[in-house]
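For reference, the structure discussed in these notes is given below.
What follows is calculated from the coordinates using simple rules that are stated; it is not laboratory data. The structure displayed is predicted, hence computed values, not measured ones. In this analysis, Cβ positions are derived from the backbone assuming ideal geometry, glycine residues included, and neighbour counts consider all displayed protein chains.
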Amino acid sequence: MLLKRDNMFLNYLSELPNYFSIFTYSFFLMLASPILLEISNSFKTNPGNISLIFTFFTIGVTVGQLTAVFYSIRFKKINIIIISYIMLILLISILFFIKILFVFFILYFISGYVIGIIFIVANEFLLLSKIKNKDRLITIGHTFWPLGALIGPVISSTIVGRNINWRYIYLIIIFFIVIILLLYLMLTRKKDYSEIAEKKTSVSLKEIFSIKRNNIIFILMVFSLLFYAISETVISAWSPTFLRVERLFDVETAGILISLFWGAQIIGRIITSIFAGRIRTNLLLLILAITALLSLFLLIFFKNQSIIFTAFIIAGLGYSGISPLIISTGANVCDKGKGVLLTILVTFGALGLSMSPYITRVISKFSMVLSMSVSIIFMAILIVIIFIRFFNKKYLEF
């Protein structure tokens with residue numbers, strides 16, 4: 001029994017480079033979150049305009065995710081990963097020196113495109129893994145998303161708080177990428193893993209979407225991930241600016257609050273991975289979504305710092321397991337075409353990420369509080385979808 005448990009641990013540990021690929025996405029995205037004011041000062045514009053880097057980046061991610069399927073058909077997965085990371089190093093090196101805002105936006109778009117490809121291929125590795133409990137595996141893998149989002153703002157806010165130029169954060173990203181590349185090269189020497197790494201993917205859409213029941217479940221999961229992504233991005237990307245402008249928090253305190261949010265997500269996803277497979281997924285989603293919704297009211301409408309700190313922690317716990325459970329459910333509705341299903345799912349998630357900065361930018365011109373309330377609206381819509389799913393007996397089990 002001990003040997004079996006050791007082997008199970010080693011199997012999960014062997015997916016570490018894929019976990020870090022998920023880490024890279026959020027780490028890169030959230031580095032800028034608490035330092036929009038400093039970046040805007042550097043480019044002599046306002047934070048609302050600079051926040052569009054999130055939109056450019058996530059649109060790039062969306063396009064990259066859509067095209068990743070075609071690369072998987074033509075090329076070996078490990079080659080896609082290695083080439084993509086080398087390209088990312090080159091792009092980030094250029095970002096370090098760029099001082100023209102338009103070019104800065106374009107480079108964020110291209111970087112997002114490359115990371116979108118990496119994200120899809122890494123998740124395909126997880127879905128094709130020999131580990132049977134995919135809910136648990138995906139939840140563990142996606143625990144590295146909040147981990148990256150937690151470390152990112154801490155690093156950027158710490159650097160800026162010590163009067164170091166914010167551009168040096170890009171050197172840190174390059175350092176992480178080199179480590180990830182080495183891990184992939186070491187891992188693919190294993191025979192059982194190299195079979196997946198060398199594999200190409202090809203399946204018709206007719207085979208994938210042949211069962212009506214599965215299609216309905218998948219559509220619900222797609223829109224659930226879209227609404228979730230909008231709600232979460234408002235909290236993770238816009239709330240530091242909201243706190244600094246409306247609540248007069250300094251940059252380090254705003255960074256700490258976002259770190260608490262992602263730290264609570266890490267704890268929440270660990271808890272979710274324990275209960276995954278033991279509690280019905282839909283019930284687990286409902287509990288998490290309601291918890292997130294209640295915390296948002298405290299976070300947005302109260303001014304007491306203690307309440308705001310507590311609300312960020314509760315929000316992190318609530319948001320924690322929603323995304324991986326939706327992805328795991330949606331990508332496994334049929335045995336074939338997991339890469340295609342995954343691409344559609346995360347593309348809609350990325351669409352939510354890219355829509356959020358634009359929505360908050362427009363609404364913030366009228367009211368900062370109202371712009372933050374977008375998170376409540378879309379979380380409420382998500383809960384309605386889950387309720388529909390929960391009380392529909394015919395499609396209840398998943």
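Under Stokes-Einstein, with the Kirkwood radius over Cα pairs as Rh, the value for the range 15-395 at 10 °C and 1.306 mPa s is 77 µm²/s.
Just checking the listed ones, SER111, SER14, SER320: in the Gaussian network model of the chain with Cα springs under 10 Å, the one fluctuating most is SER14.
Would you order TYR228, TYR19, TYR358, TYR85 from fewest to most other beta-carbon atoms within 10 Å of each residue's own beta-carbon?
Details: TYR228 26, TYR19 23, TYR358 13, TYR85 19.
Fewest-to-most ranking of TYR228, TYR19, TYR358, TYR85: TYR358, TYR85, TYR19, TYR228.
If you run the Gaussian network model on the chain, springs between alpha carbon atoms under 10 Å, then out of GLY112, GLY255, GLY337 the most flexible one is GLY337. Sequentially through the range 357-372, phi angles give Karplus couplings (6.51, -1.76, 1.60; θ = phi - 60°) of x, 5, 4, 5, 4, 5, 6, 5, 5, 9, 6, 5, 5, 5, 5, 6 Hz, Gly and Pro residues having no value and appearing as x. Take the residue pairs LYS212/LYS338; LYS44/LYS303; LYS77/LYS99; LYS130/LYS338 and return only those whose Cα atoms are more than 23 Å apart. Distance filter (> 23 Å) returns LYS44/LYS303; LYS77/LYS99. Summing Lys, Arg as +1 and Asp, Glu as -1, what charge do residues with Cβ under 15 Å from the Cβ of PHE301 carry, PHE301 excluded? Local charge sum for PHE301: +1. Taken along the Cα-to-beta-carbon direction at a fixed 7 Å, the label points for ASN46 and LYS212 span 5.2 nm. In a fully extended conformation the segment linking LEU171 and VAL245 would gain 23.7 nm over its present Cα-Cα distance, using 0.36 nm per residue. Of interest is the spacing of the C-alpha centroids, which for the range 295-372 and the range 246-261 amounts to 18 Å.
Mean-square fluctuations from a GNM of the chain, with a 10 angstrom spring cutoff on Cα atoms, peak among ILE89, ILE98, ILE80 at ILE98.
Put in line by how crowded their Cβ is, counting other Cβ atoms within 10 Å and starting with the fewest, ASP135, ASP250 read ASP250, ASP135.
Fully extending the segment from SER367 to ILE86 would add 96.9 nm, taking 0.36 nm per residue of separation and subtracting the current Cα-Cα distance.
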